[in-house]
Amino acid sequence: MFVRFSSYILLFNFIYHYYDFFLWYLGDQPIQIEYAYYKGMYAFTSALIFIIYIHVMLFPRNNLDTPRIPSFPPLIMLFSLNFGLLIGVYNLYIIQLYKLPEFLNYLRSIEIGSIFILLSFVLIYFSIQSFNNHQEDPNPTTKSNILITSGIFKYIRNPMYLALTLFQFGVGASLSFIHICLMSFVTIILLHYFVVKKEEKYLTDKFGGSYITYLNSTRRWL
């Protein structure tokens, strides 16, 4: 009970500081650079505390019959998104080491961002539907009892991880914060090597030839 309650408190704190920073960032109110930097750092720090707390308190340790991934995939995405904020804020308000190419400004669009976020929700919906149809838990930290190859999984092996990446890209575009968009490519790399590859080994060991056949007939990402 305490862990759940404190998790909600930290989540609210993290969302509040992100809202506070981007309310100013997307507005036209003048502000001192140092104060803008502090707002960005408050947002980054509150999110980082939330991520670490959820991982430490809720991530299962005795996960022998699982892919044994390092953390929850949404936390990996959130970690990458949050570091996108950190890099952008630090460069924009402190070191000013570089400027992003002008053509990337086309990504600063709530319309483009909304499309990516909507696509991510659609992928999540159909993925969870497939898991529910087979009475399976979509959480990769739990045991897999059957191999799901129907529904959305007939066309793509990792729709939920693709959805996380699309969601991050969409958030960055909607908030006009290109660094968050760019970090979505880091998210793909992190998910690929620390989640997907571990899952593939686990499922190959567990389901053998049937999974190898599925592996060779269905794309990993797109």
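Using only the alpha-carbon atoms of the chain as identical scatterers, what base-10 log of I(q)/I(0) does the Debye formula give at q = 0.14 Å⁻¹?
Scattering profile of the chain, log10 relative to I(0): -0.95.
Give me a comma-separated list of calculated 3J(HN,Hα) values for segment 179-193, in order, Karplus coefficients 6.51, -1.76, 1.60 applied at θ = phi - 60°, integers in Hz, x for any Gly or Pro.
Per residue, the Karplus-derived 3J(HN,Hα) values read 4, 5, 4, 5, 5, 5, 6, 5, 4, 4, 5, 4, 5, 4, 7 Hz.
Distance between the C-alpha centers of segment 11-33 and segment 113-151? Whole Å please.
Centre-to-centre distance over Cα atoms comes out at 33 Å.
L48 to T204: extension gain in nm, 0.36 nm per residue of separation minus the Cα-Cα distance?
Between L48 and T204, full extension yields 52.8 nm more.
When Lys and Arg each count +1 and Asp and Glu each count -1, what net charge do the other residues less than 13 Å away from I156, Cβ to Cβ, add up to?
On the way: positive: K154, R157, R219, R220; negative: none.
Computed value for this residue: +4.
Compute the relative contact order of segment 104-217 as a whole-number percentage, counting only Cα pairs closer than 8 Å that sit 6 or more residues apart in sequence.
On the way: 116 pairs, mean separation 38.0, N = 114.
Normalised by residue count, the contact order of segment 104-217 is 33 percent.
Among the trypsin sites (Lys or Arg not before Pro) in segment 115-222, which ones are in a DSSP loop with at most 14 other Cβ atoms within 10 Å of the Cβ? Mind listing them?
For trypsin sites (Lys or Arg not before Pro) across segment 115-222 that sit outside H, G, I, E and B with at most 14 neighbouring Cβ atoms in 10 Å, the list reads K143, R220.
Got the relative contact order for the chain handy, in percent, Cα pairs under 8 Å and 6 or more residues apart?
Dividing the mean separation by the residue count of the chain yields 25 percent.
For L215 and I87, what is the calculated FRET efficiency with R₀ set at 25 Å and r taken between the beta-carbons, to the nearest 0.05? Walk me through the numbers on the way to the answer.
Numbers: r = 35 Å, r/R0 = 1.40.
Here the calculated transfer efficiency is 0.10.
Based on the Cα gyration tensor of segment 104-217, what are the three equivalent ellipsoid semi-axes, each the root of five times an eigenvalue, rounded to whole Å and given largest first?
They are 30, 15, 11 Å, listed largest first.
Under 27 Å Cα-Cα from K154, which lysines qualify once same-chain neighbours fewer than 8 residues away are excluded?
List returned: K143, K197, K198, K201, K206.
Given charges of +1 on the Cβ of Lys and Arg and -1 on the Cβ of Asp and Glu, with all other atoms neutral, how large is the dipole of the chain about its Cα centre, in debye to the nearest 20?
Roughly 600 debye, rounded to the nearest 20.
Can you pull out the trypsin sites (Lys or Arg not before Pro) in segment 1-76 that DSSP calls coil and that have at most 12 other Cβ atoms within 10 Å?
Working: sites: R4, K39, R61, R68; in loops: R61, R68.
Sparse-neighbourhood loop trypsin sites (Lys or Arg not before Pro): R61.
Each value in this text was obtained by applying a stated rule to the coordinates, not by laboratory testing. Note that the coordinates shown come from a computational prediction; the quantities given were computed from them, not determined experimentally. Note that each Cβ is placed from the backbone with ideal geometry, even for glycine, and that neighbours are counted across all protein chains shown.
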